[in-house]
1. Work out how much length GLU77 to GLU108 would gain on full extension: take 0.36 nm times their residue separation and subtract the Cα-Cα distance, in nm to one decimal.
2. At a Cα cut-off below 18 Å, give the aspartates and glutamates reachable from LYS148, other chains included and same-chain residues fewer than 8 away excluded.
3. Report the net charge of residues surrounding LEU41, where surrounding means a beta-carbon distance below 9 angstrom and charges are Lys +1, Arg +1, Asp -1, Glu -1.
4. Using 7 Å Cα-to-Cβ label points, what is the GLU97/ASP13 separation (nm, one decimal)?
5. For GLN123 and ALA90, compute 0.36 nm times the residue count separating them, minus their Cα-Cα distance, and round to one decimal in nm.
6. In whole percent, what relative contact order does the chain give with Cα contacts below 8 Å and a gap of six or more residues?
7. Given the Cα-Cα distance of ARG68 and ARG53 and 0.36 nm per residue of separation, how much length would full extension add, in nm?
Amino acid sequence: MARLSASPIRLDDDQRRTLEGLQRAHTAPQQVALRARIILLSDDGVGVREIARRLGVWPKTVRRWRKRWLSSPAGVEVAVRLSDAPKSGAPATFTAEQICAIIAIACERPSVSARPITHWSQQEVADEAMRRGIVDSISQRSVGRFFKRVGLEAAPHPLLADGQAG
């Protein structure tokens, strides 16, 4: 039975230097360094199964990264060729600017917004964000997740030590 040989990968000097730098860099993510090693060994003429054995990965992994390298247009940067494919899933619902604006509401006195309250609750912040047109709609749970992410609690404003509205 005839064996199929993998398509050869031919690197130019700049690509080889870049890949060698990536595999040696202490700051490079380990997955990127592994992919760089796969491409470098492929350029050296090492077969798919031997690369997989040397690097401790499945042959399917070697084939995948060889295929991605070969299918990338020639002018594409090495780092882009070795990066992960875009992930599936829903896009983010809120932009970073919207989240910052929502957090900013919680950092101001409720009286600034003419709210007859002494402190912001997650629901009050959500209502105020919609009233100001920052977002069309938002749940108090989303506001709570934003607060948790930045270490903020829905509590009386720090300037209101005695709980009085200012």
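Any read-out appearing in this document is the output of simple, stated calculations on the displayed coordinates, not a laboratory observation. None of the values given here were measured: they were computed from a predicted structure. Don't worry about glycine lacking a Cβ; one is built from the backbone with ideal geometry, like all the others, and counts go over all protein chains shown.
1. Values: separation 31, 0.36 × 31 = 11.16 nm, distance 4.59 nm.
Residue separation times 0.36 nm, minus the Cα-Cα distance, leaves 6.6 nm.
2. Here the aspartates and glutamates satisfying the reach criterion relative to LYS148 are GLU97, GLU108, GLU124.
3. On the way: positive: ARG37, ARG54; negative: ASP43, ASP44, GLU50.
It works out to a net charge of -1.
4. Simple spin-label model gives 4.7 nm for this pair.
5. On the way: separation 33, 0.36 × 33 = 11.88 nm, distance 2.46 nm.
Fully extending the segment from GLN123 to ALA90 adds 9.4 nm.
6. Numbers: 141 pairs, mean separation 25.7, N = 166.
Relative contact order here is 15 percent.
7. Numbers: separation 15, 0.36 × 15 = 5.40 nm, distance 2.00 nm.
Contour length minus the Cα-Cα distance gives 3.4 nm.
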